[in-house]
Amino acid sequence: MRAMFAIVRTGGKQYRVAAGDKIVVEKIAGDAGATIALDDVLLAGEGGDLKSTTGLIVSAEIIAQAKADKVIVFKKRRRHNYRRKNGHRQQHTILRIVAIGDSNSNEARAEAPVPAEA
């Protein structure tokens, strides 16, 4: 049996997901254990067959809120005694994809409430 997949957009990036996948996305408001709905579905399919994305939502569970590794930002201008060193840690959310379903199906409605705007 071929698993259903979807391509969703969140945080300005696109992700290919299937039920049971874990993905790391830009920070989404919510506590660990909360269920959210990713409703910006760009493409969906099962194997090589494409499905209609109208009314399709992807429900996901928030596993954790975390931070990425530190990135060092270093600026320097030669011969001007100008040096600046900063660090940055991007916040992100770890999601587990629970189901890919129709917005009017019982499964999607019970598991994926409408997310709060961040």
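One table, with the values for the structure above:
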item: Those residues of segment 36-63 which are of a type outside the set (A, V, I, L, M), more than 12 Å from the chain's Cα centre (by Cα) and open to solvent by 20 Å² or more (accessible area, probe 1.4 Å), in sequence order; result: E46, G47, G48, D49, K51, S52, T53, T54, G55
item: Members of segment 5-34 found to be part of a strand (DSSP E or B) and open to solvent by 50 Å² or more (accessible area, probe 1.4 Å), listed by number; result: R9, K13, Q14, R16, K22, V24, E26
item: Residue within segment 71-87 that is surrounded by 12 or more Cβ atoms within 10 Å (Cβ to Cβ), more than 14 Å from the chain's Cα centre (by Cα) and part of a strand (DSSP E or B) present; result: no
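The values are calculated or read from the model by the stated rules, or taken from the named source; none is laboratory data. Treat the numbers as computed from the prediction; the structure is a model and nothing was measured. Here the Cβ is made from the backbone with ideal geometry for all residues, glycine too, and neighbour counts use every protein chain on show. All accessible areas refer to the heavy atoms of the entire protein, side chains included, with ligands and DNA or RNA removed. Shrake-Rupley method; radii C 1.70, N 1.55, O 1.52, S 1.80 Å.
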